[in-house]
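Have a look at the structure below before the remarks.
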Amino acid sequence: MSWNRVGRYGGRVLMYLLTVWFVASFNFFLIRFMPGDPLEHLVGEEDYLYLSTAHPEVLEELERAYGLDGSLFLQYKTYLLRLLRGDLGRSYKNNVPVLTLILQRLARTFRLILPAVVLAGALGILLGAAAGWRPGSRLDRWISRLSLVVYSIPGYCLGMLGLMVFCFWLGWVPAGGISSGGLTGAAYVRDALWHMTLPVGVLALSKLSYNIPMMRSGVVEAKRADYTLSARAKGVGSAQILFRHVLPNAAVPMIAVFTMQLGFIVSGSMMLERLFNWDGMGLLVYKAIGGNDYPILQGSLLVLTVCVVLSNLLSDVLCALLDPRIRDGAWNEI
C-alpha cells in the first residue's frame, strides 16, 4: 500500500474521529446550557425545593455522583475520561447504566433494520435493473411510478396505512410489540417473526422506493458506457452484458446507499418504533425526551453518531474493495 493511500485513509479516519469528538462535546455543552438545573429533573421540582433548603448535602452528593460538581472545565474533562472508559453515566429515572440500556435497545432496533435493509437492497437492485435495462418500456413506467408514489408517502403514514389494512381490516399481523410474551423456543421465534413482519415491511418498502430509481439510473448510465458499447460491438449477448458488465458497475454506488441507510435508519426509526410499540432505540429516545433523562439523551446521540460514522467508514472500505477506481483514487483526480 502506497504512502499516498495510507495518508488518504488515515485522513478519513481522523475526520471520523473528530466528528465523534465534536458531537460528544456539543452534546455535553448543550445539556449544560439548557434552562433549569439537571438535579431538578432528577429528583423532581417539589423534592428539589425541599432538599435545597432542608438537606443541601443530599444535592451535593447527587452532583458528585452524576459529575455535575466543580467547574465547567472539570466537568468536561471528567465527561471525556468517562467516555474513553465506555461510561455513559446512569439514567436519572431508573439508576441503570446508560450503556446497558442503549445496547439492549440497539440490538432490538437492529432486528428491524438488518432484514429491512437487506430486503430493500435485494429488491431494489432487481427492480431497478429491470426498469433501467429497457428505459421507457411499460415495465419501467410502472415500476418508476409506483416507487415515486411510495417515496412521496412519509414512513410514519406508510406505517399507519399498513396497520389499518393488515392489522385492523385483515387481522394478519399484530398491532405492535416485540412478542406476545410467555413463549420459548421455536414458538417464541415464530411469534417474534410474526411481530416483525409489518414494521420490517414498512421500513423495507420505504427504502425500496429510494433504491429503485438509484439503481435504475446506474443501469442506464452503465448501458451507455464505453465498456458496454465495446462488448456489444464484439457480439456479446445481452444477458452476458447485463450480468458481467452492467450490473457489477451499477451496483457499486448502491453499496454506499445500503450502508448509509443502515446508519441513518437507526436514528430515523423513532416514529415507527413509537407507532409499532417496538422497544428499541427510537422508543428509548422518545421516553427520555418526555422524562428529561439527560444521560440517556447524551448517550443515545453519541451512539447514533457512532453508528452513522461507522456506516460511512464501512461504505468507504467496501467501495474501495469492489471498485479499483476508488481504491486507487482515480475518481478524486477527475
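The values are calculated or read from the model by the stated rules, or taken from the named source; none is laboratory data. Predicted model, so just to flag it, every value in this text is computed and none were measured. Backbone-built Cβ (ideal geometry, glycine too); neighbour counts: all protein chains shown. Please note that ligands, DNA and RNA were not included when accessible areas were found on the heavy atoms of the full protein model with its side chains. Shrake-Rupley method; radii C 1.70, N 1.55, O 1.52, S 1.80 Å.
Tell me which of Met214, Trp172, Ala288 sits at the most positive position along the dipole axis of the chain, charges placed on C-beta atoms (Lys, Arg +1; Asp, Glu -1).
Of the options given, the answer is Met214.
Per DSSP helix of 4 or more residues, -39500 (n - 2.57); summed, then divided by the residues of the chain. What does that give at 222 nm, rounded to the nearest 500?
Roughly -24500 deg cm²/dmol at 222 nm, from the helical runs in the chain.
Among Leu148, Leu163, Leu208, whose mean-square fluctuation peaks in a Gaussian network model of the chain (Cα, cutoff 10 Å)?
For the chain, modelled as a Gaussian network with Cα springs under 10 Å, the answer is Leu148.
Any chance you could check the Cα centroid distance between the stretch 11-29 and the stretch 119-185 for me, in angstrom?
36
Quick one: angle between helix 185-223 and the longest Cα principal axis of the chain, in degrees between 0 and 90, rounded to 10, please.
50
Not counting ligands, DNA or RNA, and with a 1.4 Å probe, what is Tyr76's accessible surface area in Å² rounded to the nearest 10?
Estimated to the nearest 10 Å², Tyr76 gives 40 Å².
Rounded to the nearest 20 Debye, what is the dipole magnitude of the chain about its Cα centre when Lys and Arg each give +1 and Asp and Glu each give -1 at the C-beta? Walk me through the numbers on the way to the answer.
On the way: 29 positive and 22 negative charges, 443 e Å.
Value, rounded to 20: 2120 debye.
Towards the positive end of the charge dipole of the chain, with charges on Cβ (+1 Lys, Arg; -1 Asp, Glu), say which of Ala107, Ala320, Thr259 has the farthest Cα.
Comparing the listed Cα positions along the dipole, Ala320 ranks first.
In the Gaussian network model of the chain, springs joining C-alpha atoms below 10 Å, which of Pro174, Pro154, Pro213 carries the largest mean-square fluctuation?
Most flexible of the set in this elastic network: Pro154.
Over the chain, with a Gaussian network built from C-alpha contacts below 10 Å, which listed residue (Phe33, Phe166, Phe22) shows the highest mean-square fluctuation?
Phe33
Which of Leu163, Leu139, Ser152 sits closest to the plus end of the dipole of the stretch 62-163, meaning its Cα is farthest towards the positive end, when Lys and Arg get +1 and Asp and Glu get -1 on the C-beta?
Positive-most Cα among the choices belongs to Leu139.
Using modelled amide H (1.01 Å from N, peptide plane; none on Pro or chain starts), what sits under 5 Å from the amide H of Leu88, excluding residues fewer than 5 places away?
Val98, Leu99
So which lysines can Lys207 reach, going by Cα to Cα under 25 Å and dropping same-chain residues fewer than 8 places off?
List returned: Lys223.
Kindly identify the stretch 253-318 as rounded, prolate or oblate by the Cα gyration tensor criterion: order the square roots of the eigenvalues as a ≥ b ≥ c, call it rounded if a/c is under 1.5, otherwise compare a/b with b/c, prolate if a/b is larger, else oblate.
Oblate, because a/c is 1.5 or more while a/b does not exceed b/c.
So what is Rg over Rh here for the stretch 114-267, counting just Cα atoms and using Kirkwood for Rh?
On the way: Rg = 19.0 Å, Rh = 17.4 Å.
Looking at the stretch 114-267, the ratio lands at 1.09.
Measure nothing fancy, just the Cα-based angle from helix 294-322's long axis to the longest principal axis of the chain, in degrees from 0 to 90, nearest 10.
20
Which net charge results for the neighbourhood of Tyr79, defined as the other residues with beta-carbon distances under 15 angstrom from its beta-carbon, given Lys and Arg at +1 and Asp and Glu at -1?
Here the count lands on +3.
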